[in-house]
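**Q** Can you read through this structure? Questions will come right after.
The values are calculated or read from the model by the stated rules, or taken from the named source; none is laboratory data. Treat the numbers as computed from the prediction; the structure is a model and nothing was measured. Reconstructed Cβ throughout: ideal geometry from the backbone, glycine too, with neighbour counts over all protein chains shown. Each accessible area value is taken on the protein alone, full model and side chains, heavy atoms only, with ligands, DNA and RNA left out. Shrake-Rupley method; radii C 1.70, N 1.55, O 1.52, S 1.80 Å.
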Amino acid sequence: TPLKKSIETLISLYASLLLSSIVAIKRFQTEILDVFNVCFSFLQHLQDAQPWMDKLEQTCNQVDFIERHMKYLRCLQHIEELSATVQQCLMTSSAWEAIRAVDSMAALDYGLNQSRCSHLQNFLQATLSFWHKIMKDRLTSDFEKLLTQLHWPIISPPTQSLTPTPSCQETEGQLELLVGQLLALQTSEALSSPQMSKPAPLCLPIQIMLLPLNKRFKYHFYGNRQTNSVSKPEWYLTQVLMWMGNNSTFMEETIQPILDRGGVTLSAKVELCRGLLSLVQEKVTSDASKLLYDDVLFCHLVEEVLQFEKELRSNHSYPAELPGVLHLLLEDAVLQKWLTMEKKMAVEKMDAMLSAERAWSSQYKDISDMDDLKAPDCAETFMTLLQVITERYRTLPCPSAQLKFLELQKELVDDFRIRLTQVMKEESRCPLGVRYCAILNAVNYISTILGDWGNDVFFLQLQQTAVSLGEEAVPGGLGIMEMGRLASLEGSLFDGLLALLDRLKGDMLGRLLDFLMREIKEKAKPYCQERWLSLPSQQDQSTMSLSSTACPMMLCVRDRLLNLHQVLGFSLFHLAWQGLAERLDNFLYQDVILCNNFSDGGAAQLQFDMTRNLFPLFGHYCKKPENFFKHVKEACIILCLNVGSAILLRSLIKESDMTRDCAGTGDPPPESALNELGVFCLAPCDVLILLSLRTSWSGC
């Protein structure tokens with residue numbers, strides 16, 4: 001059947017595939033055996049060749065060992081040859097050839113830096129040091145003899161230039177030759193002993209030129225000499241400055257041209273200052289550690305060091321990038337002592353200035369052009385004290401140390417503010433007294449100066465430093481908001497103090513104005529009780545005059561304004577008269593106008609009293625004083641409206657109130673009508689109250 005044929009066909013195909021697979025497997029087994037035989041033969045060959053390889057490696061190692069020894073011996077021979085060359089050159093006075101041989105020796109030493117031949121290195125360095133010392137001593141001796149001929153060093157101010165004259169060409173040539181040889185010798189020394197982190201050593205010729213000055217300095221300012229006194233640091237500081245000044249001309253006119261021709265990019269004058277400065281640094285460091293427990297001598301040392309640094313930078317043009325002596329004052333113990341002494345002395349001076357006889361008087365009181373702030377002597381002396389502290393730490397090379405002094409200043413300002421507050425409370429019973437107003441002027445003066453400091457470049461730089469240092473800069477740290485304001489320059493480092501001072505100033509102004517208003521209200525009692533209903537109309541009077549009951553109040557206001565103008569600074573008086581005007585406006589509106597009824601004559605009299613008498617009292621200090629009495633001015637307008645206008649205005653306001661909630665009305669709001677009359681401050685409801693106070697239209 002077809003099914004049986006298909007099964008037979010499949011069986012035959014499977015059998016043929018199985019047979020082919022068996023044949024392929026046998027062939028693969030054969031190939032694997034062949035590969036295994038080849039690998040076995042290769043491994044057998046390697047095993048047989050291993051002794052030959054071991055012998056070859058041993059031979060190569062021996063060759064390498066011999067070669068390294070040959071190089072070692074050749075290097076040693078080269079060192080001996082260079083040493084012999086140096087010796088031969090020195091015997092024949094061939095200094096340049098000797099220097100070149102020493103340079104080669106130094107280059108070889110530099111090349112052996114990575115070598116593990118420590119004994120060879122030590123031998124080479126010892127040989128190099130030996131010849132370098134001999135050559136340096138010989139050149140130094142020759143150079144010192146030549147300097148003696150040139151009358152170096154110059155101890156006193158020179159009367160004439162020591163630059164070699166044209167007749168001294170031989171001396172000039174010798175000087176240039178020796179300077180060049182010394183510079184070349186120093187180059188080889190620097191090559192063999194590189195300075196990684198230390199500052200560059202002084203130019204070798206300058207080192208030799210400084211030797212006699214070093215001896216003089218050690219002789220006079222060390223040991224048991226009378227000139228070596230810790231109480232007189234100005235002696236050695238002034239002496240060093242004199243040496244710098246006396247020898248600067250010689251360095252610039254004689255040594256500098258030689259350096260320039262030799263391609264040396266150094267300033268001879270600066271190198272001399274650097275060398276002399278090292279003497280000062282060592283001496284100041286020694287003295288400062290001895291004076292940590294002597295307040296007077298320590299303060300004197302700090303003052304002299306600051307003055308020395310100032311003269312060094314200004315008079316001798318010492319580069320700002322090079323360290324002077326100020327960094328010596330930044331050692332932890334010295335800096336902490338300095339800060340402690342600054343605070344101690346400042347507190348003592350604050351006590352003295354506040355108890356002085358003229359503490360609360362201004363030294364410029366008789367000079368109007370210079371007395372806008374009318375600051376008392378104690379405030380000016382205090383801010384001068386802070387300015388002096390600023391000048392002392394302004395030039396410090398460490399911003400974090402400057403911030404410590406700034407924190408001290410802020411602490412002193414807060415201490416002074418507390419002292420002013422205590423004195424103010426004692427004087428608060430008489431706010432118009434001289435001392436109370438002087439305290440107010442002092443607070444305003446300090447606030448003004450601190451505001452100016454906040455925009456000063458120096459303090460802005462400190463502000464950025466404080467932001468970069470973060471919590472390390474300010475004790476207690478800075479909040480995120482405050483840090484952001486400082487970083488964006490929206491605030492200043494003095495914002496906290498300014499807020500406290502402004503609060504004190506506002507409190508004192510408030511006390512002053514309250515006192516004035518109590519006095520004015522007392523004087524105004526008759527005016528408040530004036531019979532406004534019975535006053536004759538304007539037509540019945542030939543001329544208008546000030547109400548007799550208003551005279552005491554007006555005189556009081558006038559006298560107090562004049563008094564405040566004399567005793568308060570300009571900006572403070574501006575705030576005071578405006579505050580007084582605002583309070584007076586509210587008082588007259590509430591206690592005079594709203595508490596009375598007015599006839600036409602009474603309203604006219606009130607308007608005359610205000611516009612022709614009260615407002616002009618403030619007209620001396622502004623162009624439009626009526627703008628500061630908006631309630632009184634607008635109330636007078638309403639009270640003095642003619643009857644017809646008043647009736648229309650009242651109707652308009654009432655109709656507006658009734659139709660306020662109705663949609664679609666086209667009537668103009670009452671505010672428009674009020675604005676046309678010049679009324680902008682009073683609300684329509686207030687206007688209705690004022691209209692109800694009029695008695696001339698009670699029957700309408």
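**Q** I'd like the full set of residues that are more than 12 Å from Trp532 (Cα to Cα) and crowded, with 22+ Cβ neighbours inside 10 Å, limited to the range 593-609.
**A** Correct list: Asp609 only.
**Q** What are the pairs with Cβ atoms under 7 angstrom where one residue, in the range 223-249, is under 22 Å from Arg313 (Cα atoms) and the other, located anywhere, is of a type in the set (Lys, Arg)? Sequence gap at least six, or different chains.
**A** Filtered contacts from the range 223-249: Tyr236/Lys283; Ser248/Lys269.
**Q** For the condition within 26 Å of Asp452 (Cβ to Cβ), modelled with pLDDT under 90 and either hydroxyl-bearing (Ser, Thr, Tyr) or open to solvent by 80 Å² or more (accessible area, probe 1.4 Å) (or both), what is the one hit in Ser368, Ser317? Even if it seems obvious, please write down each step before you answer.
**A** Values: Ser317 fails: within 26 Å of Asp452 (Cβ to Cβ).
Result: Ser368 is the single residue among Ser368, Ser317 that is within 26 Å of Asp452 (Cβ to Cβ), modelled with pLDDT under 90 and either hydroxyl-bearing (Ser, Thr, Tyr) or open to solvent by 80 Å² or more (accessible area, probe 1.4 Å) (or both).
**Q** Restricting attention to the range 623-657, report how many residues are more than 19 Å from Gln538 (Cβ to Cβ) and either open to solvent by less than 30 Å² (accessible area, probe 1.4 Å) or in a helix (DSSP H, G or I) (or both). Break it down stepwise before answering.
**A** Here is the first cut: in the range 623-657, the residues more than 19 Å from Gln538 (Cβ to Cβ) are 623-631, 634, 647-657.
This time we only want the ones that are either open to solvent by less than 30 Å² (accessible area, probe 1.4 Å) or in a helix (DSSP H, G or I) (or both), so: 625-631, 634, 647-657.
The number of residues fulfilling the criteria is 19.
**Q** With the structure loaded, tell me whether Arg225 is touching a Phe, Trp or Tyr at 6+ places or on another chain (Cβ under 8 Å), at pLDDT below 95, among the basic types (Lys, Arg) and open to solvent by 40 Å² or more (accessible area, probe 1.4 Å) or whether it fails that test. Spell out the reasoning first.
**A** Values: touching a Phe, Trp or Tyr at 6+ places or on another chain (Cβ under 8 Å): yes; at pLDDT below 95: yes; among the basic types (Lys, Arg): yes; open to solvent by 40 Å² or more (accessible area, probe 1.4 Å): yes.
Yes; evaluated as a whole, the condition is true for this residue.
**Q** From Thr127, Thr59, which residue is in contact with a helix residue (DSSP H, G or I) (Cβ under 6 Å, 6 or more places away or on another chain), assigned to a helix (DSSP H, G or I) and over 26 Å from Leu272 (Cβ atoms)?
**A** Values: Thr59 fails: in contact with a helix residue (DSSP H, G or I) (Cβ under 6 Å, 6 or more places away or on another chain).
Result of the check over Thr127, Thr59: Thr127.
**Q** From Val264, Val280, Val230, which residue is surrounded by 15 or more Cβ atoms within 10 Å (Cβ to Cβ) and closer than 30 Å to Gln174 by Cβ? Let's see the steps before the verdict.
**A** Details: Val280 fails: closer than 30 Å to Gln174 by Cβ; Val230 fails: closer than 30 Å to Gln174 by Cβ.
Of the residues listed, the single one that is surrounded by 15 or more Cβ atoms within 10 Å (Cβ to Cβ) and closer than 30 Å to Gln174 by Cβ is Val264.
**Q** When you check Leu617 against the structure, is it assigned to a helix (DSSP H, G or I), surrounded by 22 or more Cβ atoms within 10 Å (Cβ to Cβ) and touching a residue at least 40 places away in the same chain (Cβ under 8 Å), yes or no? Break it down into steps so the answer makes sense when it comes.
**A** Details: assigned to a helix (DSSP H, G or I): yes; surrounded by 22 or more Cβ atoms within 10 Å (Cβ to Cβ): no; touching a residue at least 40 places away in the same chain (Cβ under 8 Å): yes.
Judged against the criteria, Leu617 is not a match.
**Q** Output the qualifying pairs, or none if there are none: Cβ atoms under 7 angstrom, residues six or more apart or on different chains, first residue in the range 131-150 and farther than 13 Å from Gln181 by Cβ, second residue modelled with pLDDT of 90 or more and surrounded by 18 or more Cβ atoms within 10 Å (Cβ to Cβ).
**A** The qualifying pairs are Glu144/Ile208; Leu147/Met209.
**Q** When the residues of the range 1-45 are narrowed to those that are among the hydroxyl-bearing types (Ser, Thr, Tyr) and open to solvent by less than 100 Å² (accessible area, probe 1.4 Å), which ends up nearest to the chain's Cα centre (by Cα)?
**A** The initial filter retains those residues of the range 1-45 that are among the hydroxyl-bearing types (Ser, Thr, Tyr), namely 1, 6, 9, 12, 14, 16, 20-21, 30, 41.
Then keep just the ones that are open to solvent by less than 100 Å² (accessible area, probe 1.4 Å); that gives 6, 9, 12, 16, 20-21, 30, 41.
Values: Ser6: 103, Thr9: 103, Ser12: 102, Ser16: 98, Ser20: 95, Ser21: 92, Thr30: 90, Ser41: 84 Å.
My answer is Ser41.
**Q** If I ask for residues that are within 26 Å of Lys218 (Cβ to Cβ) and either among the hydroxyl-bearing types (Ser, Thr, Tyr) or free of Cβ contacts under 8 Å to residues at least 60 places away in the same chain (or both), which ones from the range 260-277 would you list?
**A** Result: Ser267, Lys269, Val270, Cys273, Leu277.
**Q** Here are Ile389, Ile418: which of them is open to solvent by 50 Å² or more (accessible area, probe 1.4 Å) and among the hydrophobic types (A, V, I, L, M, F, W, C)? Quick ask: steps written out before the conclusion?
**A** Values: Ile389 fails: open to solvent by 50 Å² or more (accessible area, probe 1.4 Å).
That would be Ile418, the only listed residue that is open to solvent by 50 Å² or more (accessible area, probe 1.4 Å) and among the hydrophobic types (A, V, I, L, M, F, W, C).
**Q** Then there's this: Is one or more of the residues making up the range 243-251 open to solvent by 70 Å² or more (accessible area, probe 1.4 Å), part of a helix (DSSP H, G or I) and more than 21 Å from Ala200 (Cα to Cα)?
**A** No; the residues of the range 243-251 include none that is open to solvent by 70 Å² or more (accessible area, probe 1.4 Å), part of a helix (DSSP H, G or I) and more than 21 Å from Ala200 (Cα to Cα).
**Q** Further question: Take the range 91-117 and flag every residue that is open to solvent by 20 Å² or more (accessible area, probe 1.4 Å) and either in a helix (DSSP H, G or I) or among the aliphatic types (A, V, I, L, M) (or both).
**A** Answer for the range 91-117, where residues must be open to solvent by 20 Å² or more (accessible area, probe 1.4 Å) and either in a helix (DSSP H, G or I) or among the aliphatic types (A, V, I, L, M) (or both): Met91, Ala95, Trp96, Glu97, Arg100, Asp103, Ser104, Ala107, Leu108, Tyr110, Gly111, Leu112.
**Q** Considering every residue within the range 637-646, establish whether at least one is touching a Gly at 6+ places or on another chain (Cβ under 7 Å) and at pLDDT 90 or above.
**A** Quick first cut of the range 637-646, residues touching a Gly at 6+ places or on another chain (Cβ under 7 Å) only: 637.
If we keep only those that are at pLDDT 90 or above too, we end up with 637.
Yes; the residues of the range 637-646 include at least one that is touching a Gly at 6+ places or on another chain (Cβ under 7 Å) and at pLDDT 90 or above.
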